[in-house]
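Everything on this sheet refers to the single structure shown next.
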Amino acid sequence: MKKKLKRAIHRSERAYQSYLEHKKYFQALRIYRANQVAYELLNEFIFICEEAEIKLTEEYIFHLEDWFHQFEMEAENISLSDAFIFSRLDHSKAFPSQFKNILS
């Protein structure tokens, strides 16, 4: 499971790096799709992870839920080639960067 999560997160990070080049909606969609996979894996992982890993796993799940809701609202009526600047909402969960330490 950790290997799958590591690969899903890597895919999401690569999609994000690609997005940063031009910040187009079609590039943001890659992040969205990659994050959907990571989200599904996290929802499985939370039931088998160590007790000490639960909090970070929950924070990552909450971060993705906030991100999905915001993305879906901002993506209404936009074409693939449009610019798409995405800024995290105030009070939404930040990406828990220390989560990747769990996967090492």
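The values are calculated or read from the model by the stated rules, or taken from the named source; none is laboratory data. The structure presented is a predicted model; accordingly, all values stated were derived computationally and were not measured. In this analysis, Cβ positions are derived from the backbone assuming ideal geometry, glycine residues included, and neighbour counts consider all displayed protein chains.
Per-structure values
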read-out: Test: residue in segment 73-91 that is at pLDDT 95 or above and among the hydrophobic types (A, V, I, L, M, F, W, C); value: no
read-out: Residues (surrounded by fewer than 12 Cβ atoms within 10 Å (Cβ to Cβ) and within 13 Å of the chain's Cα centre (by Cα)) located in segment 81-104; value: 94, 97
read-out: Extreme residue, nearest to residue 21 (Cα to Cα), among residues of segment 80-104 that are outside any loop (DSSP other than H, G, I, E, B), out of contact with any helix residue (DSSP H, G or I) (no Cβ under 6 Å at 6 or more places or on another chain) and not charged (D, E, K, R); value: 83
